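Reading through the structure tokens given below for one structure.
The values are calculated or read from the model by the stated rules, or taken from the named source; none is laboratory data. Predicted, not measured: the structure shown is a model, and the values here were computed from it. Because the Cβ atoms are built from the backbone with ideal geometry, glycine has one as well, and the counts that use them run over all protein chains shown.
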Amino acid sequence: MNDIDWWVWVIIAVIIIALLSVVALRAGSARRVQGHRAKAATLREEAAAATVDARQREADASTARAQAEKARFEADRLEDEARQHDDAAQRTQGEVQERLAEADRVDPDVSVDRPADDTYVEDLGAGKHPDRGLDESQPRQDH
């Protein structure tokens, strides 16, 4: 240590150590930044995949809503059709009752005092007339 005092060498050593620390910290920081960039890229890729999945689910939901609406429309249509059939059945039943009443009025064998009920209509399926107790599917034998 010829011309330079020992304390100068200490200052130079401290400066060199400080510079090496700064370089090491920057290198570590650069690695950390690069790691963060890689993680951000991964998160963006995952978000893009999730976005595609979300859009697919939205499309599926729209399809399901459209199918449900179509089913409601079809159910309403069928309900209207059923109502029309019910109305037609009731009109036909009324016409049958009117015809039976007319038949009872013109038939000399039917008592007009008979209470008006559905016995005749119910017995029609069996082929029996309520006042005569006859099986009308068999030929009549007049005496």
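Looking at the structure I just gave you, is residue 83 exposed (fewer than 10 other Cβ atoms within 10 Å of the Cβ) and either modelled with pLDDT of 90 or more or touching a strand residue (DSSP E or B) at 6+ places or on another chain (Cβ under 8 Å) (or both)?
no
Quick check: is even one residue across the range 92-105 surrounded by fewer than 10 Cβ atoms within 10 Å (Cβ to Cβ) and over 14 Å from the mean Cα position of the chain (by Cα)?
yes
Among all residue pairs at least 6 apart or on different chains, which show Cβ distances below 8 Å where the first residue, located in the range 4-16, is part of a helix (DSSP H, G or I) and the second is surrounded by fewer than 10 Cβ atoms within 10 Å (Cβ to Cβ)?
Once the first residue is part of a helix (DSSP H, G or I) and sits in the range 4-16, its partners that are surrounded by fewer than 10 Cβ atoms within 10 Å (Cβ to Cβ) give 9/1.
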